[in-house]
Amino acid sequence: MLIAHDTNGLPVEAARDLPAGTFNCPACDGSMLLKRGRVKVPHFAHMPGTECWSEAESVSHLRSKNLLAEKFRQLGYDVQLEETYRGQVRRVDVAVTIPAGHRRPRVAVEVQDSAIAVETMKARTRIDRSLGFIGTLWVFTDKRAKALLDVTGTDIEVKIPNEMLWVDHRYRQGIFVLDLDAAAVWNIELGPPHLRINEWYDDAGYEQSSAYVPRTLRCPIRHAADFTLTGTPGRYPNEWAVVFAHRRL
């Protein structure tokens, strides 16, 4: 975790220069240790034996949240890392408030570094809307979406995980992938799948054929994007498809 509560109950971010002190988990109030090694990302960890609904995270997940927070703050957005809502058993990876007049819309940015069930994504999206966020932006790490980034042509098919297919179908804005080493973000457009033809001979010896389109095999096309957040009305009432600003080449 990147956020813990200090002795005054206020959220503090993990950092190598953070003074030593007593820290507690925002989700369960359990005691936490500040770990600030030279190689790994500074973070808070539960004391051994602590039970908490908050999930442990990979180094790339922690790095991704830090990078997003840094980029959003450079753009003048208000950022809260790991905003925790106990009643909903929900921790928003990066909560962003965009200064846009009196409305100041809020966006929940969710980093995905491993496989996730689509039903879980739907549930989190519904919770975020009930909490007042105008939308949930799903961002996949370059580890999770490595196969999409490795494609060098525009006509090469790769297998797309179900959660990415759902994001593409739900928001119709492609898939966003965070490139950690380059500190950049990419928009992956899913091109149409190739038509397949099955051919066989029936019992009478006549040639038969049928056509089908594979659901999970698609042609990823990579486009440059930046960290500016923008949005368009979503498919459902009071929902917005919030995305990184991107361009089609």
Residues that are in a loop (DSSP other than H, G, I, E, B), surrounded by 15 or more Cβ atoms within 10 Å (Cβ to Cβ) and at pLDDT 90 or above, drawn from region 2-41
2, 14, 25, 26, 27, 28, 30
Examine region 198-211 for a residue that is more than 26 Å from residue 60 (Cβ to Cβ) and in contact with a Ser or Thr (Cβ under 6 Å, 6 or more places away or on another chain), and state whether such a residue exists.
yes
Determine, yes or no, whether residue 194 is open to solvent by less than 70 Å² (accessible area, probe 1.4 Å), touching a residue at least 12 places away in the same chain (Cβ under 8 Å) and touching a His at 6+ places or on another chain (Cβ under 8 Å).
no
Scanning region 200-225 for residues that are closer than 21 Å to residue 151 by Cβ and touching a Phe, Trp or Tyr at 6+ places or on another chain (Cβ under 9 Å), the one surrounded by the most Cβ atoms within 10 Å (Cβ to Cβ) turns out to be 225
Those residues of region 137-162 which are touching a strand residue (DSSP E or B) at 6+ places or on another chain (Cβ under 7 Å) and outside any strand (DSSP E or B), in sequence order:
142, 144, 145, 147, 148, 149, 151, 154, 155, 156, 157, 160
Being over 18 Å from the mean Cα position of the chain (by Cα) and in a helix (DSSP H, G or I) narrows 87, 49, 132 down to just 87
Applying the selection to region 73-88, what residues are touching a helix residue (DSSP H, G or I) at 6+ places or on another chain (Cβ under 9 Å) and free of Cβ contacts under 8 Å to residues at least 40 places away in the same chain?
78, 79
Among the candidates 182, 211, which residue alone is among the aliphatic types (A, V, I, L, M) and part of a strand (DSSP E or B)?
211
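The values are calculated or read from the model by the stated rules, or taken from the named source; none is laboratory data. It should be emphasised that the depicted structure is a prediction, and the values quoted were computed from it without experimental measurement. Positions of Cβ are backbone-derived with ideal geometry, glycine not excepted, and every protein chain shown enters the neighbour counts. Remember, those area values only see protein heavy atoms, side chains included, never the ligands or the DNA or RNA. Shrake-Rupley method; radii C 1.70, N 1.55, O 1.52, S 1.80 Å.
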